[in-house]
1. Around MET117, under 15 Å between beta carbons, what's the net of Lys plus Arg minus Asp minus Glu among the other residues?
2. Using alpha carbons only, how many degrees (0 to 90, rounded to 10) separate the axis of helix 38-52 from the longest principal axis of the chain?
3. Using only Cα atoms and rounding to the nearest 10 degrees, what angle (0 to 90) does helix 67-76 make with the longest principal axis of the chain?
4. Run the helix sum for the chain: -39,500 (n - 2.57) per DSSP H stretch of 4+ residues, divided by residue count, reported at 222 nm to the nearest 500 deg cm²/dmol.
5. Compute the relative contact order of the chain as a whole-number percentage, counting only Cα pairs closer than 8 Å that sit 6 or more residues apart in sequence.
6. Cβ neighbours within 10 Å, averaged per peptide: list 13-22, 108-117 in order, most packed at the top.
7. Indicate the gyration tensor shape class of the range 64-133 (rounded, prolate or oblate), computed on the Cα atoms with a ≥ b ≥ c the square roots of the eigenvalues: a/c under 1.5 is rounded; otherwise a/b larger than b/c is prolate and the rest oblate.
8. Rank-order 118-127, 45-54 by packing density, defined as the average count of other C-beta atoms within 10 Å over each peptide's residues, highest first.
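Each value in this text was obtained by applying a stated rule to the coordinates, not by laboratory testing. Keep in mind that this is a model prediction, so the values were computed, not measured. All Cβ positions, even for glycine, are placed from backbone atoms using ideal geometry, and neighbour counts span all protein chains on display.
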Amino acid sequence: MKLLQLILNILWVVFCGFWMALGYLLAAIICFVLIVTIPFGIASLRIAGYVLWPFGRTTVERPDAGAPSCVGNVIWLVFAGWWLALGHLLTSIPLFVSIIGIPFGWANLKLIPISLMPLGREVVPSDEPFGAR
């Protein structure tokens, strides 16, 4: 299973993961420059790592996330989330055209929710039980 995840991740990086991670990196840099938005930059870097190497990992809601995460997600959605989600959507379209790209197209669509609302979530290995953290 680990070999399959490695192969899928390498193909993912070649087809679309690198470019999508650059989008999140750009969002992080902008957030770090604006200083007040540093927490958004940290979240963007976390997502960039997940987008770069997604197979074998998933996201779960953090139990300690509260109202500040909700407010932060609304701010993120208005300023950065919508265009990152649009990038995932537009990247998935050419992947669906080729037969070999269909699984990567679905993976791209599955990344849209975290691109819209990243705060209050964390990236964990897929085989890790949800209650372990």
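1. +2
2. Roughly 10 degrees between the two axes.
3. 60
4. -19000 deg cm²/dmol
5. Rounded, it is 30 percent for the chain.
6. With the highest mean Cβ count within 10 Å placed first, the list reads 108-117, 13-22.
7. oblate
8. 45-54, 118-127
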